[in-house]
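S.K.: Pasting a structure here, questions to come.
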Amino acid sequence: MRVFNRLLSLTAVLALSLGAAACSDDDDNGTNPTEQTAQLRAIHSSPDAGAVDIYVESVGIVAANVAYGDATPFLTVTAGTYNVQLRPAGADSSTDPIYETGNVTLAANTVLTAVAAGLFNSQDPADNFRIIPLFESFATPGAGNAIVRILHAGADAPTVDLDVGNDGSSEIMDLARFADTGAAGVDLPGGSPITIGVVAGGATVTSFTTPALAAGTEYIIIATGLLAQADIMAEDAFKLLAVDEDGAIGFIPQNDPEAGTAMLRAVHASPDAPAVDVYAEGISVPLFSALGYGDASLYADIPAGTYNIQLRAHPSTEADPVAFEAGPIVVEADQKITAVASGFLASMDDADKFRILPLVEDFGSPQSALVRIVHAGPDAPTVDIDVGDDGTSEVTGLERFADTGAAGIALPSGEALQIGIVVTGGERVTGFTTPQLPDGEEIFVIATGSLAADALNRFELLAVASTGSLGFISQNPVVYALHGGPDAPAVDIYAGETLLVENIAFGELSGTVQVPPGTYTLDFYVTGTGTGSPTASFDTPDLMAGGSYLAVAAGELVQEGTEEAFTLLAFEELFLPTEMARVRAIHASGDAPAVDIGTVAGGEIDQVLFANVSFGQASDDTGLEVPVGDLTIGVAPTTSTTPVATFDITTSAGLQTFAVAAGALAPDGEEEAFRLILVVVSANPWIGAEVLPNL
């Protein structure tokens, strides 16, 4: 089958020529009245007519080589009366036209699609060649719908009914040959392909599966070709010609009645791939459009057969380059397939490069929720899945790009679940908290994204139900604890009866602590005394999935004068990427006043980086960009440029670090003295490093 996706040249010629032909002479004062315009385009849907050149009498050629299945773009012309003539493509302009419309009047603000239809070689008024003028006045479609005008131009087809959904109930009745459904159009569901049955004499004679119709878009769909042609892939076979408001055009062939049908949908789970349009080779319009990372299409009914699935960057036409093609995929009758785009598009490594996983579904009978887990993390190793995150893995040895099987795994419904991810034969990597799983639902849970600390799309779970994408499930929040209380001993930190951090002393940064999303009361005990009343207790902020937090214990357990009391300071990691270095300052010294922090030259602060930072405060969330190299940093009271302490630090490209001012400025007894503690978040896990003041 020939596929057309050409837009005609000579648009400017038509607009200028017709405008000149219809303009009146200048009025007496030398000015023109406001020009009245109309819009028109032409569609060639006559199956036995060759390519033509389109002329306007007394103007000349306005469009060349318009073939069966072509459409011109909309052209703006001056309102007026025109005689449009057709000549064989390439014929001399002096030859007689093979068809002309006679005078056609275009009133101001008219929008006209002129459809060439019928059989050019017939003399029978029932089916011979004609131009059908479709004056457009589309209604506004309902939410999520497209608005479609259907023209019956099948030259040998009888009056038909149209069954949208092909479910035995016709929505459009008695559509006669060369008639249409009206200027306002018909609302049809957008976002997924639609199967349309063609019914004549009470029986379905054929059916079509449209591509996904874009919500809010205006379409003209023309039934053309010959119903009597038995070869449904022949050039003159009965088919649909779909044209949208922007002129994108393509034939839609009949469904093969012998093949049966299957259900197909697509899921975009490739973290570095852009939004794509999904095509089946040989079909000129996409099955699914604008599928972005994390999106899932609805299921489409398609004829069983062998398909080469092709992806193009959105927006696209069939003429645009193919970014990826899957090669032949056999789709059998009655199958239900979820095709998952996964892997890194930019990689050429067989271990992690882009691919499509065609997952044939065969879910069992759910007693709660049935879940099929797909490991599509391109840089993640073979893993075990610990449902409940209780140290016992229910799924073991799940390799990259493998899944848990077509039947799915029964999981409890109606409650959030903790899911631990464990490297097979190794340590726990991360954990997730699922939303409540719907009872009786069939769900794909796709592990995707990158484990790299600086990845734009980090490792997450993508949940996809029968109705489409449920969205990403981010990793459980991560907390690092920093002990910055100068007179506090080493402590253990509990949440309820759960020991989170053990034996952390001043200046030390804990390891990674991962907890389900929520708020927590943290109890601080002197190390080894985790019973009875805690030394101190503090509530955390709401810890969100996907977030990373620094919790700083700061201030004085035993206050003197204006010293700040022992407390918990919490900060979310929100650094921006950088090719230089980024620093975020935190004031955690209980006896220090508000300070300025800046670079030092000649013993004085010469450039303030962070101004007027008080106890418990931090500088901008995203960090301040600073040069790469060796820096001397001074800390001075806000009212002075003379630092009370200076520090030598070295920054590197890509560094992201908290700089925590902690300890006592005027230590007494066994208090820890003032210093900087760098918490480097661009490392994974985070690294803590003390920087003592220069002497």
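The values are calculated or read from the model by the stated rules, or taken from the named source; none is laboratory data. Just so you know, these numbers come straight off a predicted model, no measurement behind them. Neighbour counts are summed over all protein chains in view; Cβ atoms, including those assigned to glycine, are modelled from backbone coordinates with ideal geometry.
S.K.: Just checking, does region 411-424 include any residue being within 26 Å of the chain's Cα centre (by Cα), more than 21 Å from Ser466 (Cβ to Cβ) and not in a strand (DSSP E or B)?
M.R.: no
S.K.: Here's something else I'd like to know. Checking Asp606 against (1) in contact with a Phe, Trp or Tyr (Cβ under 8 Å, 6 or more places away or on another chain); (2) of a type outside the set (A, V, I, L, M, F, W, C); (3) surrounded by fewer than 20 Cβ atoms within 10 Å (Cβ to Cβ): exactly one of these is not met. Which one?
M.R.: Unmet condition: (1).
S.K.: Show me the strands (runs of 3 or more DSSP E) entirely contained within region 35-103 in which 3 or more residues are over 25 Å from Ala248 (Cβ atoms) and of a type outside the set (Gly, Ala, Ser).
M.R.: Qualifying strands (runs of 3 or more DSSP E): 80-88.
S.K.: Moving on. Out of Lys336, Lys353, report the one residue that is among the basic types (Lys, Arg), under 27 Å from the mean Cα position of the chain (by Cα) and farther than 30 Å from Asp256 by Cβ.
M.R.: Lys353
S.K.: Still on this structure: For Ser122, indicate whether it is surrounded by fewer than 18 Cβ atoms within 10 Å (Cβ to Cβ) and assigned to a loop (DSSP other than H, G, I, E, B).
M.R.: Spelling it out, Ser122 is indeed surrounded by fewer than 18 Cβ atoms within 10 Å (Cβ to Cβ) and assigned to a loop (DSSP other than H, G, I, E, B).
S.K.: Related question: From the residues in region 429-442 that are polar (S, T, N, Q) and not in a strand (DSSP E or B), which one is surrounded by the most Cβ atoms within 10 Å (Cβ to Cβ)?
M.R.: Thr434
S.K.: In region 324-337, which residues are surrounded by fewer than 17 Cβ atoms within 10 Å (Cβ to Cβ) and farther than 11 Å from Tyr279 by Cα?
M.R.: Matches in region 324-337: Gly327, Pro328, Ile329, Val330, Glu332, Ala333, Asp334.
S.K.: Taking strands (runs of 3 or more DSSP E) that fall entirely within region 577-682, which contain at least 1 residues that are more than 20 Å from Thr567 (Cα to Cα) and in contact (Cβ under 8 Å) with a residue 40 or more places away in the chain?
M.R.: 581-587, 595-601, 624-626, 629-637, 645-651, 655-662
S.K.: Now a separate question. Among (1) over 30 Å from Ala376 (Cβ atoms); (2) surrounded by 21 or more Cβ atoms within 10 Å (Cβ to Cβ), where does Leu264 come up short?
M.R.: (1)
S.K.: Search region 499-528 for residues being within 21 Å of Glu670 (Cα to Cα) and polar (S, T, N, Q), and hand back the single one that is nearest to the chain's Cα centre (by Cα).
M.R.: Ranking the qualifying residues of region 499-528, first place goes to Asn503.
S.K.: Now, a different point. Given the conditions (1) in a loop (DSSP other than H, G, I, E, B); (2) surrounded by fewer than 20 Cβ atoms within 10 Å (Cβ to Cβ); (3) touching a residue at least 60 places away in the same chain (Cβ under 8 Å), and given that Gly471 satisfies all but one, which numbered condition is not satisfied?
M.R.: Gly471 satisfies every listed condition except (1).
S.K.: Which count do you get for residues in region 216-244 that are surrounded by 16 or more Cβ atoms within 10 Å (Cβ to Cβ) and either closer than 26 Å to Val330 by Cβ or within 24 Å of the chain's Cα centre (by Cα) (or both)?
M.R.: Count: 7.
S.K.: Still on this structure, please answer the following. When the residues of region 134-152 are filtered to those that are outside any loop (DSSP other than H, G, I, E, B) and in contact with a Ser or Thr (Cβ under 7 Å, 6 or more places away or on another chain), which remaining residue is nearest to Val115 (Cα to Cα)?
M.R.: Filtering first and then ranking leaves Leu134.
S.K.: Residues in region 443-456: is at least one assigned to a loop (DSSP other than H, G, I, E, B), closer than 20 Å to Gly388 by Cβ and at pLDDT below 95?
M.R.: no
S.K.: Does Thr448 satisfy being crowded, with 19+ Cβ neighbours inside 10 Å and β-branched (Val, Ile, Thr)?
M.R.: Criteria met by Thr448.
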